[in-house]
Amino acid sequence: MKKTITYSSIIIATLLIGFIIGFLVNGRVTRHKIRNMRSEFTDQGFNRLFMRVLHPTLEQMEQLKPILRKHAENHRGIMKSFHSEQEALFQDFRSDIQPYLTEEQIQRLDEMHEKHKRRLERDGPRGRRPHPRPGK
């Protein structure tokens, strides 16, 4: 009887540890994928994406650099216009719902919007604070 309880406890503890480790690993993998996706909105991320897909030779890379630079700039312009359109959409949304909200709700909505704008300004399009790379 004692052995059964001991073995059952070991199995349950192992399962719990496995669930916890799986949960943590899944969160890290998901966060990493989201960061990679967000990095594609920068010029360097845009270039890195296509270099990773194309695997160009050194000669091709030299020929592709100006083309990628041009299109990365266009991509950045599209993202900037997207952000300004998103801001206009929010202001339109706010003006539509404002008559139905209390002052406190309007204040919370404005605070949420300001936090979002500050985070974008601080963290940039990648969604995280830039940090210097080691050795640079």
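The table below lists the values:
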| read-out | value |
| --- | --- |
| Matching residues, the range 48-95, being under 20 Å from the mean Cα position of the chain (by Cα) and among the hydrophobic types (A, V, I, L, M, F, W, C) | Leu49, Phe50, Ala72, Ile78, Met79, Phe82 |
| Residue list for the range 108-122, restricted to those being surrounded by 13 or more Cβ atoms within 10 Å (Cβ to Cβ) and over 18 Å from Phe82 (Cα atoms) | Leu109 |
| Condition check for His55: in contact (Cβ under 8 Å) with a residue 12 or more places away in the chain and not β-branched (Val, Ile, Thr) | no |
| Test: residue in the range 37-53 that is at pLDDT 85 or above and among the aliphatic types (A, V, I, L, M) | yes |
| Complete set of residues in the range 67-112 that are of a type in the set (Ser, Thr, Tyr) and within 29 Å of Thr42 (Cβ to Cβ) | Ser81, Ser84 |
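The values are calculated or read from the model by the stated rules, or taken from the named source; none is laboratory data. Since this is a predicted model, take the numbers as computed values, not measurements. So basically every Cβ, Gly included, is an ideal-geometry build from the backbone, and we count neighbours across all protein chains shown.
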